[in-house]
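The values are calculated or read from the model by the stated rules, or taken from the named source; none is laboratory data. No experiment lies behind these values; they were computed from the predicted model shown. Cβ placement follows ideal geometry from the backbone for every residue including glycine, while neighbour counts extend to all protein chains displayed. Only protein heavy atoms, including side chains, enter the accessible area calculation; ligands, DNA and RNA are left aside. Shrake-Rupley method; radii C 1.70, N 1.55, O 1.52, S 1.80 Å.
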Amino acid sequence: MSVSIRLARGGAKKRPYYRIVVANSRSPRDGAFIEKIGAYNPLLAKDDPKRVVLDTERAKHWLSVGAQPTDRVARFLDAAGVKERAARNNPKRGEPGEKAKERAEERAAKLAAAEEAAKAPVEEAPAAEAPAEEAAAEA
């Protein structure tokens, strides 16, 4: 039987509350579990000590027996100093999508065209003479 340490969701709609449980990996998320070893309340502030409550002794026991924590629970265990979690690196995560790249290229092209237009000599002399000619024609 493979055992995992994972979150079981509770609470009302849009008001999540999770129990950190040790369960058979084949049982449903909110179904039967072997032991409850903590709780996680994501609605509390990140620096609140009651946000993650964890029985570290029981967590160490289950890890020694071979229980596998999920990614989120592994973060909690790392923060508690129970099990070290290897840092992951996903360089493509921060990269914009294709459409965003196209829009950025279009903006850069428009900006370059506007700068070139501003650098070109501006001919305002014919526009300034036009009102004077109309006044002479009316008189």
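Looking for something open to solvent by less than 90 Å² (accessible area, probe 1.4 Å) and modelled with pLDDT of 80 or more - is there at least one such residue anywhere in region 118-126?
Checking region 118-126: at least one residue is open to solvent by less than 90 Å² (accessible area, probe 1.4 Å) and modelled with pLDDT of 80 or more.
Taking the numbered list (1) modelled with pLDDT under 95; (2) touching a helix residue (DSSP H, G or I) at 6+ places or on another chain (Cβ under 8 Å) in turn, I20 passes all entries but (1). Within region 1-17, residues that are under 20 Å from W62 (Cβ atoms) sit with their Cβ atoms under 8 Å from residues that are open to solvent by 60 Å² or more (accessible area, probe 1.4 Å) and β-branched (V, I, T), at 6+ positions apart or across chains, in these pairs: V3/I34; V3/V65. Of the residues in region 18-46, how many are of a type in the set (S, T, Y) and out of contact with any Leu (no Cβ under 8 Å at 6 or more places or on another chain)? So the count comes out to 2. Of all residues in region 72-112, those being open to solvent by less than 100 Å² (accessible area, probe 1.4 Å), charged (D, E, K, R) and in a helix (DSSP H, G or I) number 3. How many of the residues in region 57-71 are part of a helix (DSSP H, G or I), within 28 Å of the chain's Cα centre (by Cα) and not hydrophobic (A, V, I, L, M, F, W, C)? Within region 57-71, residues that are part of a helix (DSSP H, G or I), within 28 Å of the chain's Cα centre (by Cα) and not hydrophobic (A, V, I, L, M, F, W, C) number 1.
Taken over region 9-32, the criterion of being of a type outside the set (D, E, K, R), at negative phi and surrounded by fewer than 19 Cβ atoms within 10 Å (Cβ to Cβ) is satisfied by G10, A12, P16, Y17, N24, S25, S27, P28, G31, A32. Filtered by the rule that a residue be over 21 Å from the mean Cα position of the chain (by Cα), surrounded by 14 or more Cβ atoms within 10 Å (Cβ to Cβ) and either closer than 13 Å to T70 by Cα or not aliphatic (A, V, I, L, M) (or both), region 36-53 gives K36, G38.
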